[in-house]
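S.K.: One structure, as structure tokens, below. Some questions next.
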Amino acid sequence: MKLAILGGPGAGKGTQAKILCGYLEIPCVDMGQILRRAIASGTELGRQAEPYVEKGELVPDEILIQFVRDRLLEPDVSNGWLLDGYPRTAFQAEELDFLLEDLGQKLRWAIYLNVSDDVLMTRSLKRSRADDTPQIIRRRIEVFHQRTVPILEYYEPRGHLLDINGDHPPEQVSQDILDVLVRQ
């Protein structure tokens, strides 16, 4: 199964990705982790992405799609995957569709964790990562609303959007997602 998980910063994407990947026995393609690793190791793509990550801005599309392409060509994702942190814009969703078509694959569901801004802020502050300051989190939420929310309009008419109330406890959110996935 090929999935993407969407939501604002602190929506629970990582938590749900881990649960779903364990249940479905597919790898999680965590773009945040991939970016942090590339930046820490000083790869060319990592150096290109670093200034954007430091400011809480979205990394340019041409850089991200290369990260995704490289990862989806690895052998462990041949039977399915879950993208966490990509796509984040309607343009990226369209680019992902083009990439997947090129690779002979197709996205089944874009799972949207629909979470209120107050909950996003509270959860993000609890993570205590170095790049999770109130100012950066507020900026990420703002960027999320400006650029990411329109992605829902891309996936919904294609029948690929699964809108889940992410304000619930993690176990309930997982169950809600799995209830739909198992029925398919």
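S.K.: So, in the stretch 46-88, of the ones that are hydrophobic (A, V, I, L, M, F, W, C) and free of Cβ contacts under 8 Å to residues at least 24 places away in the same chain, which residue ends up farthest from residue 25 (Cα to Cα)?
M.R.: Residues of the stretch 46-88 hydrophobic (A, V, I, L, M, F, W, C): 49, 53, 58-59, 63-65, 67-68, 72-73, 77, 81-83.
Retained after the next criterion (residues that are free of Cβ contacts under 8 Å to residues at least 24 places away in the same chain): 49, 63.
Values: 49: 30, 63: 28 Å.
This residue is 49.
S.K.: Answer with yes or no whether residue 71 is among the basic types (Lys, Arg) and in a helix (DSSP H, G or I).
M.R.: Criteria met by residue 71.
S.K.: Which ones in the stretch 140-163 are in contact with a helix residue (DSSP H, G or I) (Cβ under 7 Å, 6 or more places away or on another chain) and surrounded by 14 or more Cβ atoms within 10 Å (Cβ to Cβ)?
M.R.: Residues satisfying the conditions are 141, 151, 154, 155, 161, 162.
S.K.: Could you tell me whether residue 137 is at pLDDT below 95 and within 28 Å of residue 36 (Cα to Cα)?
M.R.: Taking the combined requirement at face value, the residue satisfies it.
S.K.: Here's a follow-up. Within the stretch 34-89, restricting attention to residues that are among the hydroxyl-bearing types (Ser, Thr, Tyr) and surrounded by fewer than 19 Cβ atoms within 10 Å (Cβ to Cβ), which residue is nearest to residue 108 (Cα to Cα)?
M.R.: 78
S.K.: Can residue 127 be described as crowded, with 17+ Cβ neighbours inside 10 Å and at pLDDT below 90?
M.R.: Taking the combined requirement at face value, the residue does not satisfy it.
S.K.: For the stretch 10-48, which residues satisfy the criterion of being assigned to a helix (DSSP H, G or I), within 20 Å of residue 142 (Cβ to Cβ) and aliphatic (A, V, I, L, M)?
M.R.: Correct list: 31, 35.
The values are calculated or read from the model by the stated rules, or taken from the named source; none is laboratory data. Just so you know, these numbers come straight off a predicted model, no measurement behind them. Cβ: placed from backbone, ideal geometry, glycine included. Neighbour counts: every protein chain shown.
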